[in-house]
Ligand code: NAD
């Protein structure tokens, strides 16, 4: 059948780098992108967990390579970029997903250490990995960046001020780079996940999750990692060509619910 429309809703053959891809939303994103025909660089701290995701993709007939990548490590970041260039000839998609959630109060002895670590991982590394990928993204015909922020960047919870400040910063970074890189054809967006069932929330009891969802979430439940990954996919499609600088809540209605 002939098509009456022009824009492409496929990422088949696109080359994607996903950080923090051994668990949770990053893993779901890597699996989904591979299901959709992309070449996926699966990266995370633990090589064995990375390999398990790569094996799952390969077993399903997809294309993936695994790397140990601590996003705060400059030489590891550059090695992943160099390998993608050597292997696949470039990079079209970057998903800055890796994250940690460290609790601390403003008067706690460990505050400064936790503040610095949080900022290093959650925001500085996002900016620096964008810098590392930029020469390759500039050569792509549909370059896409998605940064994972949080609903914690749109509101606040006590006891995690470094996390809240860094995620608010991710939204600012996204907006500023959307304006700056818009002149060069790159879209930069962020997703603000609400409460999602991942490694990060695994220690919260089922009862506490249920109660939180009942009180706060319009859809009355935690989300699943794939539900976030599907929205990330929407933002990296070649067809998502006129969306940039958005902070998209994927939160079951957490941020719009007053009562
Ligand atoms: P997760 O713990 O399941 O996965 C996070 C991954 O990031 C882990 O595999 C971890 O090893 C990796 N990581 C941590 N530090 C790293 C580093 N220095 N370099 C590379 N990788 C590193 O958690 P998740 O919920 O899937 O987290 C993904 C993103 O979503 C994070 O940015 C997180 O802040 C954000 N987020 C999570 C929720 C939630 O409810 N789970 C809500 C909003 C935002």
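None of the figures in this text is laboratory data; all of them are computed from the coordinates on show. Because the structure is a prediction, the values reported are computed rather than measured. Positions of Cβ are backbone-derived with ideal geometry, glycine not excepted, and every protein chain shown enters the neighbour counts.
Every residue, every condition in (1) out of contact with any strand residue (DSSP E or B) (no Cβ under 9 Å at 6 or more places or on another chain); (2) in contact (Cβ under 8 Å) with a residue 60 or more places away in the chain, yes or no:
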| position | (1), (2) |
| --- | --- |
| 95 | no, yes |
| 98 | no, yes |
| 126 | no, no |
| 137 | no, no |
| 153 | no, yes |
| 156 | yes, no |
| 159 | no, no |
| 164 | yes, no |
| 171 | no, yes |
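When residue 187 is tested against (1) surrounded by 21 or more Cβ atoms within 10 Å (Cβ to Cβ); (2) within 13 Å of the ligand (Cβ to nearest atom), exactly one condition is not met: (2).
Here the condition is being part of a loop (DSSP other than H, G, I, E, B), within 29 Å of residue 133 (Cα to Cα) and in contact with a helix residue (DSSP H, G or I) (Cβ under 9 Å, 6 or more places away or on another chain); of 184, 221, it holds for 184 alone. Whether any residue in the stretch 105-114 is at negative phi, surrounded by 15 or more Cβ atoms within 10 Å (Cβ to Cβ) and within 16 Å of the ligand (Cβ to nearest atom) is what I want to check. Yes: the stretch 105-114 contains one or more residues that are at negative phi, surrounded by 15 or more Cβ atoms within 10 Å (Cβ to Cβ) and within 16 Å of the ligand (Cβ to nearest atom). Scanning the stretch 200-239 for residues that are in contact with a strand residue (DSSP E or B) (Cβ under 8 Å, 6 or more places away or on another chain), crowded, with 20+ Cβ neighbours inside 10 Å and more than 15 Å from residue 151 (Cβ to Cβ) gives 225, 232, 235, 236.
Residue count for the stretch 59-85 satisfying the condition of being surrounded by 14 or more Cβ atoms within 10 Å (Cβ to Cβ), out of contact with any strand residue (DSSP E or B) (no Cβ under 6 Å at 6 or more places or on another chain) and within 17 Å of residue 28 (Cβ to Cβ): 1.
If you check 86, 28 for being closer than 22 Å to residue 143 by Cα and within 16 Å of the ligand (Cβ to nearest atom), only one passes: 28.
What residue, among those in the stretch 144-176 that are surrounded by fewer than 24 Cβ atoms within 10 Å (Cβ to Cβ), more than 16 Å from the ligand (Cβ to nearest atom) and within 18 Å of the chain's Cα centre (by Cα), is farthest from residue 248 (Cα to Cα)? Taking the candidates together, the pick is 176.
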